[in-house]
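The values are calculated or read from the model by the stated rules, or taken from the named source; none is laboratory data. Worth saying up front: this structure is predicted, and the values here are computed from it rather than measured. For neighbour counting, all protein chains shown are included, and Cβ atoms are generated from backbone atoms with ideal geometry for every residue, glycine included. Accessible surface areas use protein heavy atoms only, side chains included; no ligands, DNA or RNA. Shrake-Rupley method; radii C 1.70, N 1.55, O 1.52, S 1.80 Å.
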Amino acid sequence: MTEHCLRVDYYVADIGRDPVRERLVAMQRASHEEQGCLEYSVFESLDDPTHFSIFERYSDAAAHQEHMNS
């Protein structure tokens, strides 16, 4: 099977950076427990305080779909 990888960009609105960071880190921890999740990394931009990126890597598309359903 082929690994399934994606990058997601989040831009923070008026709620502020800290609540978004906390939620993304919680999602990262939970995702690492999912079967088929090979990597779930959260990055904060050094240049843009409103920008977060997530890199996700799953064993296959079915594992990613399972993550989306959770």
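In sequence order, the range 16-23 has phi-based couplings of x, 6, 4, x, 5, 4, 4, 5 Hz under the Karplus curve 6.51 cos²θ - 1.76 cosθ + 1.60, θ = phi - 60°, and Gly or Pro positions carry x.
For the pair His32 and Asn69 in one chain, pulling the backbone fully straight at 0.36 nm per residue adds 11.8 nm over the alpha carbon distance.
In the context of the full set of protein chains, the chain has a per residue accessible area of 70 Å² (1.4 Å probe). Taking the Cα centre of the chain as reference, the dipole from Cβ charges on Lys and Arg (+1) and Asp and Glu (-1) amounts to some 80 debye.
Stretched out straight at 0.36 nm per residue, the stretch from Glu39 to Tyr10 would grow longer than its current Cα-Cα span by 8.7 nm.
Close amide H contacts of His51 (hydrogens built in the peptide plane, cut-off under 5 Å, sequence separation of 5 or more or a different chain): Val12, Ser45. With the convex hull of its Cα atoms as the shape, the range 1-42 has an orientation-averaged projected area of 3.3 nm².
Could you tell me what percent of the accessible area of the range 1-58 is made up of carbon and sulfur, with a 1.4 Å probe and every protein chain present? C and S atoms contribute 52 percent here.
Could you work out the relative contact order of the chain? I mean the mean sequence separation of Cα pairs under 8 Å and 6+ apart, divided by the number of residues, in percent. Spell out each step's value before the answer.
Values: 101 pairs, mean separation 30.9, N = 70.
In percent, rounded to a whole number, it is 44.
Rounded to the nearest whole Hz, the Karplus-based 3J(HN,Hα) values (6.51 cos²θ - 1.76 cosθ + 1.60, θ = phi - 60°) of the range 42-53 follow the sequence 10, 10, 10, 5, 7, 9, 10, x, 9, 10, 10, 10, with x at glycine and proline.
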